[in-house]
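**Q** Before I ask anything, here is the structure I am working with.
Every number here is computed from the coordinates shown, using simple stated rules; none is lab data. Note that the structure is a prediction, hence the values are computed from the model and not measured. Backbone-built Cβ (ideal geometry, glycine too); neighbour counts: all protein chains shown.
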Amino acid sequence: MLSYRPIKKSEKDYALKLARDEVNIELKRLNDYKTYLIYNAKERIGFVSFGFKPNKRIYIYILAFEKQAQRQGFGSMVIESVMRYGRKKDKCFRGLTIIINKKNKQAINAAKKYGFLVTRKRANYLDLTKSVPS
């Protein structure tokens, strides 16, 4: 079972490095979102950063895992946790959105596996959405 803890200022360098090393992006708006460290038992395995948008959806800014925690099903557990959070915080919650670089085939395949659908294609990115089941 996964557990989550809000990230502390002193731990932001960890998130920035993991994003750079594992997802190949520079986080510029991390402070704009709720960011939680992800633990499997007592082992820190990654982090997730997200926030509500005006359209009653949660935008997942980033979800990143350490190499040893990838491809073990943790992503789907985090997605389900974020969905539960959304339902709890807003009765009109509609689902999740995420934007993924087209080069990140692993993340795109994982998102589709978790039920995300491509809603918009851009030059370098795909917008994906997962709606709340009715």
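**Q** So how many residues does segment 58-73 have that are under 11 Å from the mean Cα position of the chain (by Cα) and either under 17 Å from residue 19 (Cβ atoms) or part of a helix (DSSP H, G or I) (or both)?
**A** Looking only at that region, the number is 7.
**Q** Okay, next question. So which residues in segment 9-43 are of a type outside the set (S, T, N, Q), outside any helix (DSSP H, G or I) and surrounded by 11 or more Cβ atoms within 10 Å (Cβ to Cβ), if there are any at all?
**A** 25, 27, 33, 34, 36, 37, 38, 39
**Q** Looking at residue 93, is it surrounded by 15 or more Cβ atoms within 10 Å (Cβ to Cβ) and over 23 Å from residue 15 (Cβ atoms)? Reasoning before the result, please.
**A** Details: surrounded by 15 or more Cβ atoms within 10 Å (Cβ to Cβ): yes; over 23 Å from residue 15 (Cβ atoms): yes.
Against the criterion (surrounded by 15 or more Cβ atoms within 10 Å (Cβ to Cβ) and over 23 Å from residue 15 (Cβ atoms)), residue 93 qualifies.
**Q** Could you tell me how many of the residues in segment 72-100 are in contact with a strand residue (DSSP E or B) (Cβ under 9 Å, 6 or more places away or on another chain), among the basic types (Lys, Arg) and more than 13 Å from residue 130 (Cα to Cα)?
**A** Within segment 72-100, residues that are in contact with a strand residue (DSSP E or B) (Cβ under 9 Å, 6 or more places away or on another chain), among the basic types (Lys, Arg) and more than 13 Å from residue 130 (Cα to Cα) number 1.
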